[in-house]
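Have a look at the structure below, then the notes.
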Amino acid sequence: MPVWASESGLKPDEIVRVVAYLRQLGGNISFKPDSSPARWIKADAAAGSRLFTSNCSGCHGQNGEGAEGPALKNKVLLSSATDRFLVETIGRGRRGTAMQGFLNPSPTRSTLSTQEIESIIAFIRSWEAK
Ligand code: HEC
């Protein structure tokens, strides 16, 4: 995924138009505007580290470097993704991809509680400092 907001890329209003087009392709699904602050999670990152190893590292790499799944130890992702985006992505998954929603029961892997998902996010956020 190259940088698009650059001299040779797209202008801000062009990016807005691409986003509008993508939303249209997705069926213009309405979403609730998120009134919570970008960062609100206060959870146990040490517990999140253990949960990440057992549930996520197989696809995202032991240190978030990425494998079958994309790298999560990624400056742009961590600085632009809100806690809500991460909670929703991990809880609900991405339909049609290997990324399953961890709130949904599955015969092949364990389910996570919202609290466990929040602790994984606290752990993932700890990579920002490095
Ligand atoms: C079976 C493999 C697999 C497992 C296990 C898995 N993921 Fe994923 N994950 C993926 C893939 C593949 C994608 C990219 C989906 C797409 O194309 O949109 C993804 C996407 C994501 C994204 C979105 C990244 C972005 O740039 O938008 C996050 C966040 C994420 N995963 C977190 C997790 C967490 C946390 C866990 C453990 C609780 C986990 N994943 C477990 C395969 C996996």
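Here are some notes:
- Which numbered condition Leu78 fails, given (1) more than 9 Å from the ligand (Cβ to nearest atom); (2) aliphatic (A, V, I, L, M); (3) closer than 14 Å to Glu118 by Cα: (3)
- Of all residues assigned to region 34-45, at least one qualifies as being over 19 Å from Ala81 (Cβ atoms) and either among the small types (Gly, Ala, Ser) or out of contact with any His (no Cβ under 7 Å at 6 or more places or on another chain) (or both).
- Residue within region 37-46 that is within 11 Å of the ligand (Cβ to nearest atom) and in the same structural domain as Arg125 (by TED's automatic domain parsing) present: no
- When region 15-54 is filtered for residues that are aliphatic (A, V, I, L, M) and in a helix (DSSP H, G or I), the ones remaining, listed by number, are Ile15, Val16, Val18, Val19, Ala20, Leu22, Leu25, Ala45, Ala46, Ala47, Leu51.
- Just one residue in the set Gly9, Gly26 is more than 27 Å from Ser126 (Cα to Cα), within 20 Å of the chain's Cα centre (by Cα) and outside the structural domain of Pro70 (by TED's automatic domain parsing); that residue is Gly26.
Residues checked against (1) more than 8 Å from the ligand (Cβ to nearest atom); (2) among the basic types (Lys, Arg):
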| site | (1), (2) |
| --- | --- |
| Asn63 | yes, no |
| Gly69 | no, no |
| Asn74 | no, no |
| Thr82 | yes, no |
| Gly91 | yes, no |
| Arg94 | no, yes |
| Ser106 | yes, no |
| Thr111 | yes, no |
| Glu116 | yes, no |
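- Contacts under 7 angstrom Cβ, first residue in region 74-91 being free of Cβ contacts under 8 Å to residues at least 24 places away in the same chain, partner surrounded by 17 or more Cβ atoms within 10 Å (Cβ to Cβ), 6 or more apart: none
- Long-range neighbours under 9 Å by Cβ, at least six apart or interchain, first residue assigned by TED's automatic domain parsing to the domain that holds Lys73 and in a loop (DSSP other than H, G, I, E, B) within region 102-130, second of a type in the set (Asp, Glu) and within 12 Å of the ligand (Cβ to nearest atom): Phe102/Glu116
- Filtered residues of region 104-124 (kept if farther than 21 Å from Glu68 by Cα and buried (at least 17 other Cβ atoms within 10 Å of the Cβ)): Glu116, Glu118, Ser119, Ala122
The values are calculated or read from the model by the stated rules, or taken from the named source; none is laboratory data. None of the values given here were measured: they were computed from a predicted structure. When we count neighbours, we look across all protein chains shown, and the Cβ atoms used for this are built from the backbone with ideal geometry, even at glycine.
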